[in-house]
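So the structure is just underneath, and the comments pick up after that.
The values are calculated or read from the model by the stated rules, or taken from the named source; none is laboratory data. Since the model is a prediction, treat every value here as computed from it, not as a measurement. Glycine gets a Cβ as well: all are built from the backbone with ideal geometry, and neighbour counts include every protein chain shown.
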Amino acid sequence: MDSRISGFYKLPLGERLKVLKNMGVLSDLDLRTLEEGLSVDQAEKMIENVAGLFQLPLGVATNYQVNGRDYLVPMVTEEASVVAASSNAAKIARAGGGFKAVCSDPIMVGQIQLTGLTSISRAKKTLLDSKEELIEHANNQDPVLVRHGGGVRDIEVREVDTLRGTMLVLHLLVDVRDAMGANAVNTMAESIAPKVEEKTKGKVYLRIISNYAVKRTAKSKAVFPKDALGGEAVVEGILNAWALSQADVYRAVTHNKGVMNGVSAVVCATGNDTRAVEAGCHSFASRSGEYKPLTAYYQNDEGDLVGEIEIPCPVGLVGGATRSHPIARLAVKILGVKSANQLGEVIASVGLAQNLAALKALGSEGIQRGHMSLHAKNIAIQAGAEGALIDQVAKIMVLDKKVREDYAREILARLKRD
């Protein structure tokens, strides 16, 4: 499959779907699924107190090449310009050889909080001496995971000083394979809690997965040729913008929001837990004690821009909404990934691309030009425009550089009068 689809964004929706069908990405059944979406009956089985459905647009980013393989990337977002910017940045990266990405082993951490200990050091030694027994007991809770090569790999014990005294926290390091892992890790943590209490004579309270997934990260790197970016001045602008994010938390937060525009859109599209990934990424940005950018940029010997990213990426292809939501299943099919690690590699690459796109805009024409061109259609709709009038009103607002609802109403009234 070639993810470069010339003029894809210019096609009407029906033609875009026809292209995807002709490429073999979607079947007739898939097209019907896209049209019908999630049913209320299906939603009833996913959460409680269902009162209806809330829909968001599903877009497809083009031009992605990761580790030599092409991907069409499904993205769920309400924000105009995100999918277009992502596709454009992927095209620039492609000119430099595409993204090179890698994931660590899918290790998630389960925490068991131990309180009321008479001797912290003795309890710590007891737990470490019982490591093999505890690992075996935990692994017995999920023989399917173990059979697929996963399971508890190790145990750590940490002393943590809190407002209520020093506590021990036992960490289960669990290889969750192609799952996000919350259910497996929580079950294992709960299963060994009684044994931990018995061995230490302490009291266990929390026994739950940690979303600080620092042992399960995805890295991606790409060369963005200076000519494809728009010249040396643009490269200079991007480097200056990144330098500010390194030094200033006000900028770093917005910088990383640009990363998450891409990351969260793919995580959501594939039915994964956006809150877990977002919490992990933002805490990872603070691991030095200061909030820092999730990406890094520098120039190579040829003067081209090199971008890198590393983020926690606790995502899966089995369980949860990834399997139960029909559009999430279809998004995974469009993406074509076969493992959670492969999905993580794509997500990290999208995060880097999305961030590059934002920095490129900031370092050249400014963020508003492209964003407002797309946002103008939303404003036109809010003002009451319908059909062909939407594009007409949006075009006039952009040309006049006044993308506001009051001005849209004025234009709409004039067009209807004329």
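Looking for whichever is over 25 Å from residue 338 (Cβ atoms), surrounded by 16 or more Cβ atoms within 10 Å (Cβ to Cβ) and among the small types (Gly, Ala, Ser) here; the options are 101, 138. Which one fits? Step through it out loud before you land on a result.
Working: 101 fails: over 25 Å from residue 338 (Cβ atoms).
Exactly one of 101, 138 is over 25 Å from residue 338 (Cβ atoms), surrounded by 16 or more Cβ atoms within 10 Å (Cβ to Cβ) and among the small types (Gly, Ala, Ser), namely 138.
What number of residues within the stretch 45-73 satisfy the criterion of being of a type outside the set (Lys, Arg) and free of Cβ contacts under 8 Å to residues at least 12 places away in the same chain? So that I can check it myself, show each step before the final result.
Step one: filter the stretch 45-73 for residues of a type outside the set (Lys, Arg), giving 46-68, 70-73.
Within this subset, residues satisfying the condition of being free of Cβ contacts under 8 Å to residues at least 12 places away in the same chain are 47-51, 54.
Looking only at that region, the number is 6.
Considering only the stretch 377-384, I want to know if a residue exists there that is in a helix (DSSP H, G or I), surrounded by 19 or more Cβ atoms within 10 Å (Cβ to Cβ) and aliphatic (A, V, I, L, M).
yes
What number of residues in the stretch 334-379 are farther than 20 Å from residue 319 by Cα, of a type in the set (A, V, I, L, M, F, W, C) and modelled with pLDDT of 85 or more?
Our first condition is that a residue be farther than 20 Å from residue 319 by Cα; within the stretch 334-379, this holds for 348-379.
If we keep only those that are of a type in the set (A, V, I, L, M, F, W, C) too, we end up with 348, 350, 352-353, 356-359, 361-362, 367, 372, 374, 376, 379.
Filter again for modelled with pLDDT of 85 or more, leaving 348, 350, 352-353, 356-359, 361-362, 376, 379.
Total meeting the criteria: 12.
Yes or no: residue 214 surrounded by fewer than 17 Cβ atoms within 10 Å (Cβ to Cβ), at pLDDT 95 or above, under 30 Å from residue 180 (Cα atoms) and under 16 Å from the mean Cα position of the chain (by Cα)?
Details: surrounded by fewer than 17 Cβ atoms within 10 Å (Cβ to Cβ): yes; at pLDDT 95 or above: yes; under 30 Å from residue 180 (Cα atoms): yes; under 16 Å from the mean Cα position of the chain (by Cα): yes.
Taking the combined requirement at face value, the residue satisfies it.
For a quick check of your reading: which helices (runs of 4 or more DSSP H) sit entirely within the stretch 188-291 and have at least 2 residues that are touching an Asp or Glu at 6+ places or on another chain (Cβ under 9 Å), in the same structural domain as residue 318 (by TED's automatic domain parsing) and farther than 24 Å from residue 66 by Cα?
249-269
Identify, by number, the condition in (1) assigned to a loop (DSSP other than H, G, I, E, B); (2) surrounded by 18 or more Cβ atoms within 10 Å (Cβ to Cβ); (3) not assigned by TED's automatic domain parsing to the domain that holds residue 83 that residue 316 doesn't meet.
In the conditions (1) assigned to a loop (DSSP other than H, G, I, E, B); (2) surrounded by 18 or more Cβ atoms within 10 Å (Cβ to Cβ); (3) not assigned by TED's automatic domain parsing to the domain that holds residue 83, residue 316 misses (3) alone.
Take residue 284 and tell me if it is touching a helix residue (DSSP H, G or I) at 6+ places or on another chain (Cβ under 7 Å) and either of a type in the set (Phe, Trp, Tyr) or farther than 30 Å from residue 117 by Cβ (or both). Break it down into steps so the answer makes sense when it comes.
On the way: touching a helix residue (DSSP H, G or I) at 6+ places or on another chain (Cβ under 7 Å): no; either of a type in the set (Phe, Trp, Tyr) or farther than 30 Å from residue 117 by Cβ (or both): yes.
Criteria not met by residue 284.
If the requirement is being in contact with a Cys (Cβ under 6 Å, 6 or more places away or on another chain), surrounded by 14 or more Cβ atoms within 10 Å (Cβ to Cβ) and at negative phi, which of these qualifies: 109, 76, 83, 60? Write out each step before concluding.
Working: 109 fails: in contact with a Cys (Cβ under 6 Å, 6 or more places away or on another chain); 83 fails: in contact with a Cys (Cβ under 6 Å, 6 or more places away or on another chain); 60 fails: in contact with a Cys (Cβ under 6 Å, 6 or more places away or on another chain).
Every option except 76 fails the conditions.
Just wondering, is there one or more residues in the stretch 13-36 that are touching a residue at least 60 places away in the same chain (Cβ under 8 Å), part of a helix (DSSP H, G or I) and of a type in the set (Val, Ile, Thr)?
For the stretch 13-36, residues touching a residue at least 60 places away in the same chain (Cβ under 8 Å), part of a helix (DSSP H, G or I) and of a type in the set (Val, Ile, Thr): present.
Need the failing condition index for residue 391 against (1) modelled with pLDDT of 90 or more; (2) over 27 Å from the mean Cα position of the chain (by Cα), just the number.
(1)
Out of the residues in the stretch 1-20 that are under 21 Å from residue 69 (Cβ atoms) and touching a helix residue (DSSP H, G or I) at 6+ places or on another chain (Cβ under 9 Å), which is surrounded by the most Cβ atoms within 10 Å (Cβ to Cβ)?
Taking the stretch 1-20 as the starting set, the residues that turn out to be under 21 Å from residue 69 (Cβ atoms) are 1-6, 8, 19-20.
Still in the list and also touching a helix residue (DSSP H, G or I) at 6+ places or on another chain (Cβ under 9 Å): 3-5, 8, 19-20.
Values: 3: 23, 4: 14, 5: 17, 8: 18, 19: 16, 20: 20.
Top of the filtered list is 3.
From 407, 298, grab the single residue that is of a type in the set (Phe, Trp, Tyr) and either buried (at least 22 other Cβ atoms within 10 Å of the Cβ) or assigned to a helix (DSSP H, G or I) (or both).
Numbers: 298 fails: either buried (at least 22 other Cβ atoms within 10 Å of the Cβ) or assigned to a helix (DSSP H, G or I) (or both).
Exactly one of 407, 298 is of a type in the set (Phe, Trp, Tyr) and either buried (at least 22 other Cβ atoms within 10 Å of the Cβ) or assigned to a helix (DSSP H, G or I) (or both), namely 407.
Of all residues being small (Gly, Ala, Ser) and in contact with a Phe, Trp or Tyr (Cβ under 7 Å, 6 or more places away or on another chain) in the stretch 198-236, which is farthest from residue 104 (Cα to Cα)? Just the residue, please.
From the stretch 198-236, those small (Gly, Ala, Ser) are 202, 210, 213, 218, 220, 222, 228, 230-231, 233; that's our starting set.
If we keep only those that are in contact with a Phe, Trp or Tyr (Cβ under 7 Å, 6 or more places away or on another chain) too, we end up with 220, 222.
Details: 220: 12, 222: 18 Å.
That would be 222.
Is one or more of the residues making up the stretch 131-151 touching a helix residue (DSSP H, G or I) at 6+ places or on another chain (Cβ under 9 Å) and farther than 25 Å from residue 211 by Cα?
Yes, there is a match, as at least one residue in the stretch 131-151 is touching a helix residue (DSSP H, G or I) at 6+ places or on another chain (Cβ under 9 Å) and farther than 25 Å from residue 211 by Cα.
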